[in-house]
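J.: One structure, as structure tokens, below. Some questions next.
The values are calculated or read from the model by the stated rules, or taken from the named source; none is laboratory data. Just so it is clear, the model here is predicted, and its values are computed rather than measured. Virtual Cβ from ideal backbone geometry, glycine too; neighbours counted across all protein chains shown. Ligands, DNA and RNA are excluded from the accessible area calculation, which covers all protein heavy atoms including side chains. Shrake-Rupley method; radii C 1.70, N 1.55, O 1.52, S 1.80 Å.
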Amino acid sequence: SEMGRADEARQALEAIIARPNCSDLAITTWAAHVAEKMGLYQEVVERLQGFVSTGGPNITWHVVACLGKALNKVDRHRDAIEVFKRATEIAPDVASNWEDLGVIQRLLGMTQESQQSMERSLLLEATKPGALRVAGYEHKYEYGDEAWKRVNLALAKVDTFTQQEQVEVHYAAAKALEDVGELEAAFEQYASAGRLQKELMPWSDTRMRGVLAMFRNVVKKEDYEEVRRQAVKTERPVFVVGMPGSIAARAAGF
């Protein structure tokens, strides 16, 4: 797999998971490979649904959660919620299941339910970076409250986290500092998060200018007129809000 020989790796994994006594690790490794290396999320959904429906000792919360991740990737978010609920029932003390459930609940506008899931995750793992950030969206921080303590504890050991987790911690700390009026310190945390995120997902001003130039050259005045002609005539206001993709991207990663 690491050598880029995705098909050969898949064949080897297929031989393993075809055995009746294959482990949950084998199943989830196959799913991660087929999903991430090959992009076949729908195939992963169908195969894992078959495994989960049959039950058995190898169908642990790991496999159920893996199905939830795959469902989320193919935009079956409500189905993913139900699957993650099942994962939390099987393993109620696993913080990541509650976090993944909470992220998808928030994506669907289930704010109160999401907050409850995130709080459950943080009770199990107080410095879980993703849960800290998402839980902070709805929380009004005050000096010394439990949420404030959790964020500062995570910030104190931020170097022990992965780079993506560090991004989450810095954003969570920025929100906490902003809430208590420490705006200069908050800006520093936002800047730290932004620098790390740019390393993970490089953004090119030149490339974006090229995209905009392409639109100007390709999309003509008559194209806009045709869109207007097809439009629904209404005086009802339309609000374009939020960045749900930024939340969804953090949910249920393999």
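J.: If I ask for residues that are of a type in the set (D, E) and outside any helix (DSSP H, G or I), which ones from the stretch 137-167 would you list? Show your work before the answer.
T.: Within the stretch 137-167, the subset of a type in the set (D, E) is 138, 142, 145-146, 159, 165.
Once the filter is applied, which keeps residues that are of a type in the set (D, E) and outside any helix (DSSP H, G or I), the stretch 137-167 yields E142, D145.
J.: Take the residues in the stretch 151-174 that are of a type in the set (D, E, K, R) and surrounded by fewer than 22 Cβ atoms within 10 Å (Cβ to Cβ); name whichever of them is farthest from E125 (Cα to Cα). Talk me through it step by step, then tell me what you get.
T.: Taking the stretch 151-174 and keeping what is of a type in the set (D, E, K, R), we get 157, 159, 165, 168.
Within this subset, residues satisfying the condition of being surrounded by fewer than 22 Cβ atoms within 10 Å (Cβ to Cβ) are 157, 159, 165.
Numbers: K157: 14, D159: 17, E165: 14 Å.
Only one residue tops the list, namely D159.
J.: Sticking with this one: Could you grab the pairs with beta carbons closer than 8 Å, sequence gap of 6+ or different chains, first residue in the stretch 119-143 and farther than 23 Å from D159 by Cα, second one part of a loop (DSSP other than H, G, I, E, B)?
T.: Listed by first residue and then by second, the contacts come to Y141/V180; E142/V180; Y143/V180.
J.: Being in a helix (DSSP H, G or I) and under 22 Å from G130 (Cα atoms) is true for just one of L177, L212. Which residue is that?
T.: Unique residue meeting the criteria: L177.
J.: Of everything in the stretch 97-120, what is surrounded by fewer than 19 Cβ atoms within 10 Å (Cβ to Cβ) and among the polar types (S, T, N, Q)? Give them in sequence order.
T.: Matches in the stretch 97-120: T111, Q112, Q115, Q116.
J.: Based on this model, can you work out whether E36 counts as in contact (Cβ under 8 Å) with a residue 60 or more places away in the chain and open to solvent by 10 Å² or more (accessible area, probe 1.4 Å)? So that I can check it myself, show each step before the final result.
T.: On the way: in contact (Cβ under 8 Å) with a residue 60 or more places away in the chain: yes; open to solvent by 10 Å² or more (accessible area, probe 1.4 Å): yes.
In short, yes.
J.: Assess whether R78 counts as being touching a Phe, Trp or Tyr at 6+ places or on another chain (Cβ under 7 Å), over 24 Å from T29 (Cα atoms) and either assigned to a loop (DSSP other than H, G, I, E, B) or of a type outside the set (S, T, Y) (or both).
T.: Numbers: touching a Phe, Trp or Tyr at 6+ places or on another chain (Cβ under 7 Å): no; over 24 Å from T29 (Cα atoms): yes; either assigned to a loop (DSSP other than H, G, I, E, B) or of a type outside the set (S, T, Y) (or both): yes.
The answer is no for R78.
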